Amino acid sequence: MTDTTTTTLSVVTDEPTRLELFRSMLRIRRIEEEIARRYGEQRMRCPVHLSVGQEAAAVGTCSALRPTDQIVSTHRCHGHYLAKGGDLRAMIAELYGKATGCCGGRGGSMHLFDPAAGVLASVPIVGSNVPIGVGAALTAKQRRRPDVAVAFFGDGAFEEGVVHEAANFAGCHRLPMIFVLENNLYSVYTPVDQRQPARAGEQPMAGFAQTHGLAAEHADGNDVVAVHEAMGRAVVRARRGDGPSLLVVDTYRFLEHCGASDDDHLGYRPVGELATWRDRCPVAGTRAALRDAGLLDVATELAMESAIVREIDEAFAAADAAPYPAAHTAMEAVHA
Amino acid sequence: MPDAARQSAPRILDAADAIREGTAQAMRADERVFVMGEGATDPKGVFGTTTGLVQEFGTDRVMEMPVAENGWTGVAIGAALCGQRPILVHQRVEFSLLAMEQLVNNAAKIHYVSGGRHRAPLVVRLVVGRGWGQGPAHSQSLEALFAHIPGLKVAMPSSAADAKGLLLGAVQDDGPVILIEHRWVHYARGHVDPEPIAMPLDGPRQLRSGDDCTVVSTSYMTLEALQAADALAAAGCNVDLFDLRVLRPLKLDAIVASVRRTGRLVTVDTGHATYGIGAEIVARVTAEAFSSLRAAPQRIGLPEHPTPSARTLAEAYYPRSPKIVATIGDVVGMPKAAIDEIVHRLAAERDAVPLDIPHPSFKGPF
Ligand SMILES: Cc1ncc(C[n+]2csc(CCOP(=O)(O)OP(=O)(O)O)c2C)c(N)n1
Ligand SMILES: [Mg+2]
């Protein structure tokens, strides 16, 4: 568990936590694989942005949070939502456009939220969620709550003015805020080096932290324990009033930007890049590490798998059986 | 190609191809023309409207953009002030909302404020999304926001020929032009002149003639209105159908003249009805042809709530040809049974295929 009492910021991950990090990643992987498998049935009639390959970023960060901490996510929100404890059935139903979805079918896959789990909102306009997250951090400070707020954003969102404006605000007011930058090297099909200048130093995006008065953390985004510990340090600082942090995690998207297929044939990824990153799969890597450490045997993993599969089957069956929202409800809740 | 030969051999393109062809021709003709956009050089090339351009013109003139809309829009305006002629493209209208500040405060006003000395010749292409559950933030048709602003010109093509011609007209214009492309109009097919012929940004095109009612449509809703008009014509009700094409400057002379004759007006546009394009047309036509009106003008537009993702909600959200038939039929006083007969037939045709993808009959050629 994350040690929040220590004054030095060493955060260690104990064995049960490491096992739980693995289970949570495996669960997200299986859920998104199932979405991918069923997407061709054309019954989830909304765009989906899968995070297969990026599970360690979602799980490593959200596992350091409490339900009362708020996260805001992006178009690629499934992993964040699930890792933070968002309700699986409400998510799958939302993808099917059903009345039982978390948005009652109004939002689709890019608008997932779950107040009970502290998933405040997901916003499909790039960068648009980040100041919303800062607003949650401001509220925690104003209401003297011990909560932190987290905004997920990508290397593309890093380019949006509003992200910098929001970070400046959080830095200025020393808010309990953590900016989690998932650098997966691409915005849609465009690599980051076509959109941003070459920057000196080993951590080219860390200058963002310095500019806006944030503490800087960095982790291998496919190493869930490293992400968890870096996030843990940021959370400790935020909770004790030491202000906001930036956490940069380097990771990689395996599937197409939007949709459920492979897209290597499009040729926008350098030859071999996908294979290199697949070799660094966060789920497989964690499994291997746990096996080597003697923490995960085959029977334990099989038990995990079958529980996950059962939960997924139930969620899809429930979504299938649920009603669509009735047309006459469309005008409800336009105004508060 | 001589005119006769051209007519005998129609050259069928879809609107996306027509836009790409027009862009390439404009760039060949004028080295000041260049393209900026997120995805302008990527393998999908903004729904095929920019594919191949970077191969021909290089990355200096077909520029991949960071995800920083207000920033690069301002850069484009600065370049335009210095004599360049940028074409900006956004894959959704919503992404340009981040650039509203530059467009509204600078692009729209700088010519006026400078007493006509500054010029910002800029084309901003925006795509209206629809279908496949895209939901509230990827489907808005916000032309009324742009058309509200003096200093901007706003056009919406509904055919392949217009998509190319209006683009070329916009490139030649010395001020900022917002070109709004409905995603489903990209599939519209029809004859496209191979030559780079710029169409002036000067008003509607009449697509059908009749004395019973005047119908004004925009963008994709023109395709729905055509289907409605033809179904009504088969039942003996003939309408003057105008595709508005250019929303600002708004030129309504032909439409006012038509209403003086028909005494009736129905507008059909892609935006919300309230404070929308139809509202402006009804207001102006009513003011000019009040004494000719024989029925209250009617507007067809989107209902007063955001676009829901779920198909059951989105199906009810978008007006289609049956609704247009019902509205026109009502305005002209057709017997209810006659209206219902057409409405049911059209609705059955439409319901036979999913409603959240473009109907096959709407791909043309028109
Ligand atoms: C303001 C805005 N501009 C453009 C888009 C189109 N868009 C959707 S996702 C995306 C990629 C963003 O890249 P990144 O932030 O790195 O997130 P990733 O997709 O890699 O997770 C873009 C450009 C958008 N949704 N909003
Ligand atoms: Mg990215």
With springs only between Cα atoms under 10 Å, which of B:176, B:303, B:322 fluctuates most in a Gaussian network model of chain B?
-> B:303
The range B:13-191 shape via C-alpha gyration tensor axes, a/c threshold 1.5 = rounded
Search the structure for amide H atoms under 5 Å from the amide H of residue A:246, placed 1.01 Å from N in the peptide plane, and list their residues when 5 or more places away or on another chain.
-> A:179, A:215, A:216, A:217
Where does helix B:277-289 land angle-wise versus the long Cα axis of chain B, in degrees 0 to 90, nearest 10?
-> 60 degrees
Between the Cα axis of helix B:15-29 and the main Cα principal axis of chain B, the angle (0 to 90°, nearest 10) is 30 degrees
Taking all protein chains as present, what is the carbon and sulfur share of the accessible area of the protein assembly as shown, in % to the nearest whole number, probe 1.4 Å?
-> 55 percent
How much mean residue ellipticity at 222 nm does the protein assembly as shown get from its helices, if each DSSP H run of length 4 or more adds -39500 (n - 2.57) and you divide by all residues, to the nearest 500 deg cm²/dmol?
-> -12000 deg cm²/dmol
Just tell me which lysines come within less than 24 Å, Cα to Cα, of residue A:98; anything on the same chain fewer than 8 places away is out.
-> A:84
Sum of side-chain charges, residue B:264 neighbourhood, beta-carbon under 12 Å (Lys, Arg +1; Asp, Glu -1) = -1
Please give the helix B:253-262 orientation as an angle from the longest Cα principal axis of chain B, in degrees from 0 to 90, rounded to the nearest 10.
-> 10 degrees
Accessible-area loss of at least 10 Å² in the complex relative to the chain alone (1.4 Å probe) applies, within the range B:105-136, to B:132, B:133, B:134, B:136
Take every residue in peptide B:95-101, count the Cβ atoms of other chains within 10 Å of its Cβ, and give the average of those counts.
-> 2
Just by accessible area at a 1.4 angstrom probe, what is the order of B:117, A:66, A:253, A:18 from largest to smallest?
-> B:117, A:66, A:18, A:253
Please list, in chain and number order, the residues 5+ apart from residue B:35 or on another chain whose amide H is under 5 Å from its amide H, with Hs placed from the backbone.
-> B:62, B:63, B:87
Count charges around residue B:275 for me, please; just the other residues with Cβ under 15 Å from its Cβ, Lys/Arg as +1, Asp/Glu as -1.
-> -1
Amide H partners (placed H, <5 Å) of residue A:99, local residues excluded = A:324
Averaged over the residues of B:37-43, the number of partner chain Cβ atoms within 10 Å of each residue's own Cβ comes to 5
For the range A:171-176, what does the Karplus curve 6.51 cos²θ - 1.76 cosθ + 1.60, with θ = phi - 60°, yield as ³J(HN,Hα) per residue in whole Hz, taken in order and with x for Gly and Pro?
-> x, 4, 9, 6, 7, x
Ordered by number, the residues of the range A:191-236 that have at least 30 Å² less accessible area in the complete protein assembly than on their own chain alone (1.4 Å probe) are A:194, A:195
Peptide ranges A:19-31, B:186-198 listed from the most packed, as the mean C-beta count within 10 angstrom indicates = A:19-31, B:186-198
Could you work out the mean count of beta carbons from other protein chains within 10 Å of each residue's beta carbon in B:299-311?
-> 6
Per DSSP, loop GluC sites (Glu not before Pro) in the range A:299-331 with at most 12 further Cβ within 10 Å = none
Using a/c under 1.5 as the rounded threshold, could you call the range A:229-336 rounded, prolate or oblate? The axes a ≥ b ≥ c are square roots of the C-alpha gyration tensor eigenvalues, and prolate needs a/b larger than b/c, oblate otherwise.
-> rounded
Burial-style ranking of B:52-65, A:172-185, B:275-288, A:192-205, average other-beta-carbon count within 10 Å with highest first, yields A:172-185, B:275-288, B:52-65, A:192-205
Starting from the Cα of residue B:109, draw a straight line to each of the aspartates and glutamates and keep only those under 12 Å, dropping any in the same chain fewer than 8 residues away.
-> B:101
Of B:213, B:82, B:237, the most mobile residue in a GNM of chain B (C-alpha springs, cutoff 10 Å) is B:82
Unit charges at the beta carbon, dipole of chain B: most positive-side option, B:353, B:80, B:40 | B:80
Let a ≥ b ≥ c be the square roots of the eigenvalues of the Cα gyration tensor of chain A; is it rounded (a/c under 1.5), or, if not, prolate (a/b larger than b/c) or oblate?
-> rounded
Other residues with Cβ under 11 Å from the Cβ of residue B:292 give, with Lys and Arg +1 and Asp and Glu -1, a net charge of +3
Ignoring ligands, DNA and RNA, how much accessible area is buried between chains B and A, both sides summed, with a 1.4 Å probe, to the nearest 100 Å²?
-> 2700 Å²
If you plug each phi of the range B:115-129 into the Karplus form 6.51 cos²θ - 1.76 cosθ + 1.60 with θ = phi - 60°, what whole-Hz ³J(HN,Hα) values come out, in order, with x for Gly and Pro?
-> x, x, 7, 7, 10, 10, x, 9, 10, 10, 8, 10, 10, 8, x
Residue B:363: which lysines have alpha carbons under 18 Å from its alpha carbon, excluding same-chain residues fewer than 8 sequence positions away?
-> B:164
Taking only protein heavy atoms and a 1.4 Å probe, what accessible area per residue, in Å², does chain B have with all protein chains in place?
-> 38 Å²
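The values are calculated or read from the model by the stated rules, or taken from the named source; none is laboratory data. Everything numeric here is computed off the predicted structure, so don't read it as measured data. Neighbour counts are summed over all protein chains in view; Cβ atoms, including those assigned to glycine, are modelled from backbone coordinates with ideal geometry. With ligands, DNA and RNA removed, areas are computed over all heavy atoms of the protein, side chains included. Shrake-Rupley method; radii C 1.70, N 1.55, O 1.52, S 1.80 Å.
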